[in-house]
Amino acid sequence: KQWYQRRVAITAGDHEVLRMIRILLKDEQDPTTLAVCAHDVGEYVRHYPVGKYNVEKLGLKERVVCLLDNDDPKVKSAALLALQKLMLNNWEFMAKTNA
């Protein structure tokens, strides 16, 4: 519920929060931070259907894919879950937009 309520705040300011996550995914070495960032990307797209477009537009998808090569199993797992959420289609949302 928290992610659904905060989806507007995350996209505010020209997606400033997503841009900060992108920087962390590029520069950070701490496994916990990387895992949390991947998790956040996954939750964002899960609760915000337009989030997939925003994530791809900002280059976050590629950065999450790169985490699959990380040595830490927690980072790999978080990246894999985030990518699964990116690849899933929200059929309820699609039905509303096609109606």
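Just a few scattered comments:
- Inter-probe distance in nm under a simple model that places probes 7 Å from Cα toward Cβ, at Asp69 and Val50: 3.4 nm
- Ranked by how many other beta carbons lie within 10 Å on average, peptides 57-69, 22-34 from highest: 57-69, 22-34
- Converting phi to 3J(HN,Hα) with the Karplus coefficients 6.51, -1.76 and 1.60 and the offset θ = phi - 60°, region 18-33 yields 5, 5, 5, 5, 4, 5, 4, 5, 7, 9, 6, 10, 5, x, 5, 5 Hz in sequence order, with x at every glycine or proline.
- Label-reachable residues, region 28-44, where backbone N falls under 16 Å from a point 7 Å from Val17's Cα toward its Cβ: 36-44
- Remark: accessible surface ordering of Met20, Met87 (largest first) is Met87, Met20, probe radius 1.4 Å.
The values are calculated or read from the model by the stated rules, or taken from the named source; none is laboratory data. Given the structure is predicted, the values throughout are model-derived calculations rather than measurements. With ideal geometry, Cβ positions are generated from the backbone for all residues, glycine too; neighbour counts draw on all protein chains shown. Calculation scope for accessible area: heavy atoms of the full protein, side chains included, ligands and nucleic acids excluded. Shrake-Rupley method; radii C 1.70, N 1.55, O 1.52, S 1.80 Å.
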